[in-house]
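Reviewing the structure listed below.
The values are calculated or read from the model by the stated rules, or taken from the named source; none is laboratory data. Only a predicted model underlies this, so the values are computations on that prediction, with no experimental measurement involved. We place every Cβ from the backbone using ideal geometry, glycine too, and count neighbours over all the protein chains shown.
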Amino acid sequence: MAQQVFWIQKSLQEMSPEEFEAVCDGCGKCCLHKLEDEDSGDVFYTKVACRFLDHNTCRCQSYSSRQEKVPDCVVMTPATVAETYWLPDTCAYRLLDEGLPLFDWHPLVSGDPESVHKAGMSVANKVVAEESVDLDDLEDYVIRWV
């Protein structure tokens, strides 16, 4: 049973690499282009996805070499979670870092790897490919994920 609730019993820093990786709920929101208001610091998500995001599964199609192909792709680690201020409010890394519980739809809680999609909490089939838009027009694609 202890292995099944590692995310409750351990801090992000105490997790093994495999456990830390399993915390990701697979929503795909971190793979969306974001805009930041220079004055307020507010971050706005767009529905424009990184070219490597699979729009159905919300998984990176180039995960092992993503930083080589997209140099500004942020690799999540226990150290980067706290400083990655733009993570969505529903992000499991953010929740655990802030001492909050995971949502019922999180695959670790539900036991179903598809629960994030079934609950409508992922970007599955809700995004557009970055190749199909002019990235200078990102403000036209701002969206609020509920």
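Details
- Evaluated against (1) touching a residue at least 24 places away in the same chain (Cβ under 8 Å); (2) surrounded by fewer than 17 Cβ atoms within 10 Å (Cβ to Cβ); (3) within 20 Å of Glu83 (Cα to Cα), Gln67 falls short on exactly one condition, (1).
- Test: residue in the stretch 109-123 that is assigned to a helix (DSSP H, G or I), in contact (Cβ under 8 Å) with a residue 40 or more places away in the chain and either touching an Asp or Glu at 6+ places or on another chain (Cβ under 7 Å) or on the phi < 0 side of the Ramachandran plot (or both): yes
Matching residues to (1) modelled with pLDDT of 95 or more; (2) polar (S, T, N, Q):
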| residue | (1), (2) |
| --- | --- |
| Leu96 | yes, no |
| Pro101 | yes, no |
| Pro113 | no, no |
| Asn125 | no, yes |
| Asp140 | yes, no |
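- Test: residue in the stretch 101-121 that is in contact with a helix residue (DSSP H, G or I) (Cβ under 6 Å, 6 or more places away or on another chain) and over 18 Å from Ala22 (Cα atoms): no
- Residue match in the stretch 18-32 (condition: surrounded by fewer than 17 Cβ atoms within 10 Å (Cβ to Cβ), assigned to a helix (DSSP H, G or I) and of a type in the set (A, V, I, L, M, F, W, C)): yes
- Looking only at residues in the stretch 124-146 that are charged (D, E, K, R) and assigned to a helix (DSSP H, G or I), the one that is nearest to Cys27 (Cα to Cα) is Glu130.
- Residues that are of a type outside the set (A, V, I, L, M), surrounded by fewer than 17 Cβ atoms within 10 Å (Cβ to Cβ) and not in a loop (DSSP other than H, G, I, E, B), drawn from the stretch 79-108: Thr80
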